[in-house]
Amino acid sequence: MVVVGAGGPSPGVGVRAFSPAPPWPPWFVRVPVSPVAVSAVLWLAVLLGGVGLAAGLAAVRQGWRPRPRRLILGSVVAVVALMVIPPVGSNDMLVYVAAGRIAVLGHSPYVMTPGQLMASGDPIGAGTVFTYQDVPSPYGPVATATEAAASELGGTSVARTLFWLKVWDALGYLVLVIALDRLVRSDAARRVRAHLLWSVNPLMLFEMVASGHNDVLAAAAGLSAVLAMSRLGASRRGSRPAGWRRGLLAGILLGLAAAIKAPYLLFGAGLAWHARRSPRMLAALALGTAAVLVPGYVLAGRAAISATVGLGAKAPIGPSPWILPVLMLQQVLHWHTSNARVDTLALIGSAAAAAVLLSRMPSGSRDLPAVRVALAATLALLVLSPQQWPWYTALVFPLLAVFPASRLDWIVVTYASATAVGMLPVVFLTGLHPASLARHVLAGVLGIVLLCVAEAGINLLWLCCTNDWRPVTDLGDGAATR
């Protein structure tokens, strides 16, 4: 991934061209390598990453215990190396650059679009070509604040702004590395498992740091909220409920996560469940969340709410294995502008799936009661969402990292690997002759990806029916997994 990124933005890595800003990162050297070869290498890297993650989890269940310090060091080296190269595999960071510049200029990124920034003649607008040029920012006010901060530091350079955005992502990633290590350091098996599922997880390193998606900031805040409340769930004297101060802190962190990306509000389901027996704590949780979200959206304006809520109506339905039944439903019900309706149906289905998961999932760790509920809610949304993007798995991996080992691991790894592959540039297919062969191969690859995603959902349902969640070898991850 680092080598591909060091070759600079190109169609092979799925990133639009921009000018470097030496001596500032991102650093890259334009080399005369075919985009076809670059695309093929990137596919190989991501596929190997998914296979490596699965092999590592299997090895832990067989007794493999690498030194955690080496895993942490490996994570730091990988994060820094991916931080100083251009984005790889996604053009979304350039959307963040546009939103940050719009905010710095005194306009609202929820009203002004990247296309309008380009038309204004601004240096940032003229410095590259943005994806989704006619769509306002769909991210929350805290995300906009991080983008504006990067734009202030980056000035009129697209490259420098990208670097500062990657700095925020790297810090968020490493915050979770440290938090997870401190949380489970007393249990060798859980500690290694947590680092495999997050710290040195190639799929998360690719989507969160190499591609630079801001989900990592929301994930850091969201899991910190869960940990802040859960760790007080049991005191040294027994299972005394956490105080209102911890509920308030958890609420503030949850509000920050949701004000970056709205789906991370689902972490609140676990927090509310944990606080259900303490009205005082529950009220503090709600107060802390509102203390961030209400002022944030009031300052951002009504357009921020409309842009966030209206994202489903503008986003494409796919890539998803549910696209065929959705299209059939559209035809039967004569829906012409149906994305919002489809999202509503998905939310209803996700709520039902979450209820099923809660009744059938393993009991989870006793010291982290909020994790199980949050994991059920995020898994249900992930599997049934009409938009199956690989960076959405940041909703699940941090929670899974502190959840006992079970067959759920393979479902999440399969889903994450398939969606990551499905979103990679397919430039290497352009070399196939005749041209019709490229189309057939692409259709075959996409079909395999969608089958893997559908299989993950079906297997999840099957495990709910059979209740056989136990891994082949149970090494005692802190709680029973059946």
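The values are calculated or read from the model by the stated rules, or taken from the named source; none is laboratory data. Note that the structure is a prediction, hence the values are computed from the model and not measured. Counting neighbours? That spans all protein chains shown, and the Cβs are built from the backbone with ideal geometry, glycine included. SASA here: full protein model, heavy atoms, side chains in, ligands and nucleic acids out. Shrake-Rupley method; radii C 1.70, N 1.55, O 1.52, S 1.80 Å.
Structure data summary
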read-out	value
Percent RCO, i.e. relative contact order, over the chain, from Cα pairs under 8 Å lying at least 6 residues apart	18 percent
Average Cα contact separation per residue, segment 1-120, under 8 Å, 6 or more apart, as relative contact order %	36 percent
Amide H contacts under 5 Å for GLN388, placed H, 5+ residues apart	GLY318
Förster-model FRET efficiency, 22 Å R0, ALA290 and ALA352, C-beta, rounded to 0.05	0.20
Cα-Cα P(r), segment 84-196, percent of pairs per 5 Å interval	2, 12, 21, 20, 14, 8, 7, 7, 5, 3, 1, 0
In Hz, Karplus ³J(HN,Hα) per residue of segment 39-53 (6.51, -1.76, 1.60; θ = phi - 60°; x = Gly, Pro)	4, 5, 5, 5, 4, 4, 4, 5, 4, 5, x, x, 5, x, 4
For segment 112-209: relative contact order, % (alpha-carbon pairs under 8 angstrom, 6 or more apart)	19 percent
At q = 0.12, 0.14, 0.15 Å⁻¹, base-10 log of I(q)/I(0) for segment 1-105 (Debye sum, equal scatterers on each alpha carbon)	-0.55, -0.70, -0.78
Solvent-accessible surface (1.4 angstrom probe) belonging to GLU207, in square angstrom, nearest 10	10 Å²
Under Karplus coefficients 6.51, -1.76 and 1.60, residue-wise ³J(HN,Hα) of segment 402-408 in Hz, glycine/proline x	10, 9, x, 4, 7, 5, 4
Net charge of neighbours whose Cβ lies under 14 Å from the Cβ of SER108, counting Lys and Arg as +1 and Asp and Glu as -1	+1
For ILE260, net neighbour charge (Lys/Arg +1, Asp/Glu -1) across residues whose Cβ lies under 12 Å away	-2
Where trypsin sites (Lys or Arg not before Pro) fall in DSSP loop in segment 111-218, at most 14 other Cβ within 10 Å	ARG185
Karplus (6.51, -1.76, 1.60) ³J(HN,Hα), θ = phi - 60°, over segment 92-106, in Hz, Gly and Pro reported as x	5, 4, 5, 5, 5, 4, 5, 4, x, 5, 4, 5, 5, 6, x
Ordering of 57-66, 270-279 by burial proxy (mean other Cβ atoms within 10 Å per residue, highest first)	270-279, 57-66
Matching label, Cα Rg over 2.2 N^0.38 Å computed from the structure shown, candidates (1) 0.95; (2) 1.10; (3) 1.03	(1)
Furthest towards positive pole of dipole, SER34, GLY270, LEU105, structure part the chain, Cβ charges	GLY270
Theoretical ellipticity at 222 nm over the chain - DSSP helices of four or more residues, -39500 (n - 2.57) apiece, nearest 500	-19500 deg cm²/dmol
